[in-house]
Every structure is written in C-alpha cells, then in structure tokens.
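Presented below is the structure to which this report refers.
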Amino acid sequence: MILMGIDSSIPQASVALLKDGEIRNQAEVDTNATASNQVLFLIDKVLTSSSVGLQDLDGFCLTTGPGSFTGLRVGASILKGLLLATSKPFVRIDTLEALALQAMPTGNRICAILDARKKEVYTASFCGNGYILERLTPDRALTPSQLCQEIKEPTIFVGTGLNSYGPFLRSQLGGNFIPTQNKCADTVAACAARLAQNCFENKKTTNLDELTIKYVRKSEAELKFNEKNLQKRGI
C-alpha cells in the first residue's frame, strides 16, 4: 500500500509518503503554511524523491483539524483537487491524534496541544500503550489554566502549543509536566499516514462530501457575523 499524508493544519506544513508500512519520504516547511503553493511544492518534492506518480498511490490522508482555519481550508482544497484528478480514496485524520503519535512509544498519558490564539489551546489527551493510542478526551479549546486543572499525573506534552505555553505549563504542573525529550523523526503528515494505514480499508471513501473540517470553535468571521446579527436584533 502506498499512501500520501498531508498536513497543513499547523504552521509547519508537511507531506509524507508511506509505502508498505514504512515512511519512504517526507518534507516540511518552517514558515507559515497558509499558501497553497507551499503544500503543492512539498507534494511534488516527496513524489519526485520517491519516483512515484499520483496514479501509483492507493490513496491519501489529510489532517482535518483542529488547527489553523486557513491552513485547514488550504489542505482540504488541495486534496479535493487531487481526488478529482486521480479518483483515489482518502481518510480523514485528527490533527491532535497525529501529534500525539509523535510522543510514542510511551506508557504515560499524552497531551497534544496547539496554539488556538485568543489565549487558548486546542488540546486532547491520549493514553499510550506501545504504539497504540487510546483517546481519553475529545478535542477542545481550553485556556492553559483550565488545562492545568485537568492534569493530575505525569503527562507528556507534545505540539506547537508548547512554543507559546510550555514555560507556563511547566511552572504550574511541576513534575507532572514532561516535555517530549527528542524531536520525533516523523512529521505530522507522516504520523497521519501511519494512523491512516491502520484504518484505511474500513474508513476510506471517495465521497467528497465526507471531506469535512473539525474546527472545534467558530472562526473569527463567524463570531463577528453572529455578533452583528445579535446587535441588529437588539440582543
């Protein structure tokens, strides 16, 4: 099986190619990944490096959130184009679950976090059992303080949310805060591809209506639109 994983939900957009259970090639960018040409560049780079064509793929997987609203839309748009061009199936992968896989293997609780702006983080907790992830909480948007109130045991934290809130979490949680010790060799896209191979046969689809995004909370535009409607109604 040859799968392509695509992630544009975090600033470090990435693309990976998984073949016969192994990551053969992967690439990522260190700049803001809201521009579609950056993701397309990564796709071309990974395919060229692997000497693989789009029609050689058995399917795709895409991280569908939570994450950057713009980045998620870019990824969904690009995947739709690829699906229309190739008629290949795809599966959706939760971004926080792919992040959590970067902390495996471990027997500790894992907390994946992303900076959600507005002084909040997107977060979900998992239990590690070897290389198997068991979800403990749904994806949510919480303040760092709210998240700290939930942590009652030593927990491995992983994700780009640490760039903004790592020092705060460490100061509040003490010994219950365990940072990821070493940078995982797998990008988020590679982790998504690993997760996808385990559920591909059961969850693959060619129905574009199923290519939905998990926003977790409303976008700024939606919030402003709702606020204006309430003001018009005098509420």
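The values are calculated or read from the model by the stated rules, or taken from the named source; none is laboratory data. Keep in mind it's a predicted model, so treat the numbers as computed, not measured. With ideal geometry, Cβ positions are generated from the backbone for all residues, glycine too; neighbour counts draw on all protein chains shown.
Restrict the check to the stretch 157-168 and report whether at least one residue is outside the structural domain of E22 (by TED's automatic domain parsing), in a strand (DSSP E or B), over 28 Å from V29 (Cβ atoms) and not small (G, A, S).
no
Considering each of S145, S125 in turn, give the residue that is small (G, A, S), out of contact with any strand residue (DSSP E or B) (no Cβ under 7 Å at 6 or more places or on another chain) and not assigned by TED's automatic domain parsing to the domain that holds G65.
Testing whether each residue is small (G, A, S), out of contact with any strand residue (DSSP E or B) (no Cβ under 7 Å at 6 or more places or on another chain) and not assigned by TED's automatic domain parsing to the domain that holds G65 leaves just S145.
Scan the stretch 113-143 residue by residue and report those that are of a type in the set (V, I, T) and assigned to a strand (DSSP E or B).
Within the stretch 113-143, I113, V121, T123, I132 qualify.
Quick check: anything in the stretch 58-72 on the phi < 0 side of the Ramachandran plot and surrounded by fewer than 18 Cβ atoms within 10 Å (Cβ to Cβ)?
Yes, some residue in the stretch 58-72 is on the phi < 0 side of the Ramachandran plot and surrounded by fewer than 18 Cβ atoms within 10 Å (Cβ to Cβ).
Would it be correct to say that P138 is more than 13 Å from the chain's Cα centre (by Cα) and in the same structural domain as P167 (by TED's automatic domain parsing)?
Yes, satisfied.
Among the residues of the stretch 169-185, what is the count of those that are modelled with pLDDT under 95 and either assigned to a helix (DSSP H, G or I) or in contact with a helix residue (DSSP H, G or I) (Cβ under 9 Å, 6 or more places away or on another chain) (or both)?
Here the count works out to 3.
Is it true that E153 is within 20 Å of C199 (Cα to Cα), in contact (Cβ under 8 Å) with a residue 40 or more places away in the chain and of a type in the set (D, E, K, R)?
Working: within 20 Å of C199 (Cα to Cα): no; in contact (Cβ under 8 Å) with a residue 40 or more places away in the chain: yes; of a type in the set (D, E, K, R): yes.
So E153 does not fit the description; no.
Which pairs have Cβ atoms under 8 Å, sit 6 or more apart or on different chains, and link a residue in the stretch 184-211 that is free of Cβ contacts under 8 Å to residues at least 60 places away in the same chain to one that is surrounded by 15 or more Cβ atoms within 10 Å (Cβ to Cβ)?
Note: no pairs meet the criteria.
What single numbered condition from (1) touching a helix residue (DSSP H, G or I) at 6+ places or on another chain (Cβ under 6 Å); (2) farther than 27 Å from A196 by Cα fails to hold for Q146?
It is condition (1) that Q146 fails.
Take the stretch 94-119 and flag every residue that is in contact (Cβ under 8 Å) with a residue 40 or more places away in the chain and farther than 18 Å from R140 by Cβ.
Selection gives L101, Q102, A103, T106, N108.
In the stretch 191-212, is there at least one residue being within 15 Å of the chain's Cα centre (by Cα), assigned by TED's automatic domain parsing to the domain that holds E120 and surrounded by fewer than 19 Cβ atoms within 10 Å (Cβ to Cβ)?
No, that holds for no residue.
In this structure, does A85 turn out to be small (G, A, S) and surrounded by fewer than 22 Cβ atoms within 10 Å (Cβ to Cβ)?
Answer is yes for this residue.
Can you tell me how many residues in the stretch 192-226 are of a type in the set (A, V, I, L, M), modelled with pLDDT of 95 or more and assigned to a helix (DSSP H, G or I)?
5
Do we have any residue at all in the stretch 154-166 that's touching a helix residue (DSSP H, G or I) at 6+ places or on another chain (Cβ under 6 Å), of a type in the set (G, A, S) and crowded, with 17+ Cβ neighbours inside 10 Å?
yes
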